[in-house]
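Note sheet for the following structure.
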Amino acid sequence: MMSTIVSSTFGLILLISISGVRSDHHTLPGGLEPWELAISEKLGEIEFNVTTRNDSAREHFMLGLKLLSCFWYDFAEKEFLIAQKIDPEMCLAYVGEALTKRMFLWNSDDIDAANVILANMTSACSVESLSQREQDYVTAVQSLFNITKKNDGMARTTSFGDQMQEIHEEYRDAQAGSLRVLAWIETAGSNETKLQKSREYIDEIFEANPNHPSVIHYALHAYDFSTPGVAIRGLPYAEKYGDVVSYASHGNHMPAHIYIRLGMWKESVFTEKIALDAGDDFTDKYENSSLLYDKWNRYHSLEYLQYYLLQQGRFNEAKVLMERMRRVISQAEVQGDALFWQHWYRMAARQYLETRNFNLPNTHAIDLETPNWKPLDATEFWSPHSEVGFHLARGLQAIQTKSSDSGTMIEGIFDRIRQIKFEMAPQDWPYLKKTVVFLTMQLNSTYEASQGRIEEAVEIMKEAVVVQESMVFSGSDPTLLYVSTWEFLGDMILKYKLEDHYDTAIEMYKKALLARPRRAASVYGLYKLYKRKRLDSEMNSQLEEIRKIWSDPDTDFEAREEIEKSDDGTSGQYSIHSSLNIFIVLLCALKLISLF
């Protein structure tokens, strides 16, 4: 961990130290400018033979390839374009640019733009003049963007991955091998056999290429799963990546994918702050503070960091990040881009959902109505999940605060969700569709409980658990998936003191913690249940855990005061037992006195 921290910190220091040296243009045929060279040296080592008549073009291509390897798409695209300007006949510069239009794992696939780029390639250069290996790359990328299979991304990705495997095995090309793994991860679904194969494959490549940025990066994604025993095997990669890539916001962020799976909140916060600061600093210095620049990475880090802080009870810091996102979506620059609203909806929802059971002071009231929500296009991936989660939070807040118009609001929310389901019906998104279903069931069950129909509410949540456990990607659910059905059902049983269901609640919290270790709400809920059942040993274990998680909060709140006041976890029983002991002692004393 320390090596990651040191490397990440040095990367940020280096970023700051080169400010002001970027030119507004490149004098062709020039090589990398000092600021570009400084970045390139902090992005790992890639050996990749590429055909070009110009060494300067090669330098820009290699920087573009490194940037592409760490998902810095905006910057990578610029470098590939510069390489093309220097050497218009450099075929692989077009291939690299085309690959910036396919954001693996992010469900972003601009096939039309990629085909325009590939058409430019065939017009500008001779593919036949390339080495066989380079020709194989061209063919593979053309299959990835095969326009005749525009609506079958799975088939295109599978074909691309198979061809990358052939290149890797023929030439021992680590870049191709790592891309093979990336394609496997994207197409595996819940196929653990295929996922395990990808892990074994990337482990083997890593042994021969320990400083290759793509290899380590995609290894982290291969181990970024909640399947028991998987994430811990990715920890060595998390520790290594900061030593190799210390100059990209996504690079600094990547170890957190493993830390969050293991509930390592302190490490997650430190890593994510470095990532966010690096991305913001670069954008401020070199991209005129554009809200749009590197938007996929910067706001990803913003959202992740908020989540970590919420786990630690650092609710003020988390709220600052949420308010930043609120300001962003009010700017004209981002209007029409659903990505920003997706982040806003999830962050606003999470600020409420993660704190709703901890009895925070009124000063932490969360405004979910400014600006007014706007419907997102339900045919855009992540929009349904994001918007429905936001409506869930709005509805739960209205019920919890006993808002006078909660009934009308809930009715309107259900109408909107029905519309979302209808709009997304044609999409082949079984995972997202089921997410929308069980989020809706969480709201429905809460409303039923608020009307006094507690048992009906519990039954709805039990059905929701079945839905979640049947999800296609159950092993790779997004780390930031609001509140799981397991935890939600446990919370409901705890809130209404349903003693007949306490064992069920314990089972639910255990399942929640198996999928997301050390989640504060699940640990706290389990502590409360064990306390009510007077299971001292189990209670003390959870008490110790939640105290560690909430060891450095920035907010005073009742839940933490409760666990701090608890004397070795038996405070609830201590008063009863102590009173009995005192009473017995007094009786004995009176008996002795009477004898005299």
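No value in this document is a laboratory result; all are computed from the given coordinates. If you're wondering where the values come from, they're calculated on a predicted model, not measured in any experiment. Counting neighbours? That spans all protein chains shown, and the Cβs are built from the backbone with ideal geometry, glycine included.
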Pop out the ³J(HN,Hα) list for the range 324-331 in order, Karplus 6.51 cos²θ - 1.76 cosθ + 1.60 with θ = phi - 60°, rounded to Hz; leave Gly and Pro as x.
-> 4, 5, 4, 5, 4, 6, 8, 7
Sort 240, 402 so the one with the fewest other Cβ atoms within 10 Å of its own Cβ comes first.
-> 402, 240
Long-range amide H partners of residue 108, meaning residues 5 or more apart or on another chain whose placed amide H is closer than 5 Å, are 103
Which whole-number percent is the relative contact order of the chain (Cα, under 8 Å, 6+ apart)?
-> 11 percent
With everything on Cα atoms, drop me the angle between helix 502-515 and the longest principal axis of the chain, reported from 0 to 90° to the nearest 10.
-> 20 degrees
In degrees, nearest ten, helix 174-188 long axis to first principal axis of the chain (Cα) | 50 degrees
Taking R0 as 60 Å and r as the Cβ-Cβ distance between residue 45 and residue 404, the FRET efficiency 1/(1 + (r/R0)^6), rounded to the nearest 0.05, comes to 0.40
Proximal lysines relative to residue 240, as straight alpha-carbon distance under 20 Å, when same-chain residues fewer than 8 apart are discounted = 42, 66, 266, 273
So how compact is the range 92-157: Cα radius of gyration and Dmax in angstrom?
-> 11.6, 34
At residue 110 and residue 364, where each label point lies 7 Å from the Cα along Cα→Cβ, what is the point-to-point distance in nanometres?
-> 4.1 nm
Could you give the size of the charge dipole of the chain about its Cα centre, using +1 on the Cβ of each K and R and -1 on the Cβ of each D and E, expressed in debye and rounded to the nearest 20?
-> 1620 debye
Under the Karplus relation with 6.51, -1.76 and 1.60 and θ = phi - 60°, whole-Hz ³J(HN,Hα) for the range 205-210, x at Gly and Pro, equal 5, 4, 4, 8, 9, x
Please pull out the direction-averaged projected area of the range 199-271, using the convex hull of its alpha-carbon atoms, in nm² to one decimal place.
-> 4.4 nm²
0 to 90° range, to nearest 10: angle between helix 213-222 axis and the chain longest Cα axis = 40 degrees
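Sorted from largest to smallest, which semi-axis lengths in Å does the alpha carbon gyration tensor of the range 326-456 give for its equivalent ellipsoid, taking the root of 5 times each eigenvalue?
On the way: eigenvalues 113, 82, 29 Å².
After diagonalising the Cα gyration tensor, the semi-axes are 24, 20, 12 Å.
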Average projection area in nm² (convex hull over Cα atoms of the chain, one quarter of hull surface) | 31.7 nm²
So how far, in whole Å, is the C-alpha centre of the range 374-412 from the one of the range 268-289?
-> 31 Å
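Sequence gap at least 6, Cα distance under 8 Å: using those rules, report the relative contact order of the range 42-131 to the nearest whole percent.
Value for the range 42-131: 25 percent.
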So for the range 183-231, what percent of the C-alpha to C-alpha distances run longer than 14 Å?
-> 47 percent
For the range 159-191 and the range 194-244, write down the distance between their C-alpha centroids in whole Å.
-> 14 Å
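Which order do the peptides 169-182, 349-362 come out in when sorted by mean C-beta neighbours inside 10 angstrom, highest first?
Top to bottom by mean Cβ count within 10 Å: 169-182, 349-362.
Work out the FRET efficiency for residue 194 and residue 129 from their Cβ-Cβ distance, taking R0 = 35 Å, and round it to the nearest 0.05. It would help to have the intermediate numbers written out before the result.
Working: r = 37 Å, r/R0 = 1.06.
Step by step, r from the Cβ atoms, then E = 0.40.
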Compactness summary of the range 401-450: radius of gyration and Dmax from Cα atoms, Å, are 12.6, 39
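Work out, step by step, the length gained on full extension between residue 169 and residue 548: first 0.36 nm times the residue separation, then minus their alpha carbon distance; give nm to one decimal.
131.7 nm
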What translational D, rounded to a whole number of µm²/s, comes out for the range 289-335 from Stokes-Einstein when the hydrodynamic radius is the Kirkwood one over Cα pairs, at 25 °C and 0.890 mPa s?
-> 218 µm²/s
Scattering profile of the range 210-334 at q = 0.10, 0.13, 0.23 Å⁻¹ [log10 I(q)/I(0), Debye over alpha-carbon scatterers] | -0.32, -0.54, -1.31
Binned at 5 Å starting from 0, the alpha-carbon pair-distance distribution of the range 64-130 in whole percents comes out as 4, 20, 28, 25, 15, 7, 2
Sequence neighbours fewer than 8 away in the same chain don't count; with that in mind, list the lysines whose C-alpha is under 28 Å from residue 533.
-> 462, 495, 497, 510, 511, 548, 565
Here, the range 424-560 modelled as identical Cα point scatterers in vacuum has Debye log10 I(q)/I(0) at q = 0.13, 0.21 Å⁻¹ of -0.60, -1.27
Take the Cα atoms of the range 60-208, build their convex hull, and give its volume per residue in Å³.
-> 106 Å³
Translational diffusion of the range 155-208, µm² s⁻¹ [Kirkwood Rh, Cα pairs; Stokes-Einstein; 10 °C; 1.306 mPa s] = 146 µm²/s
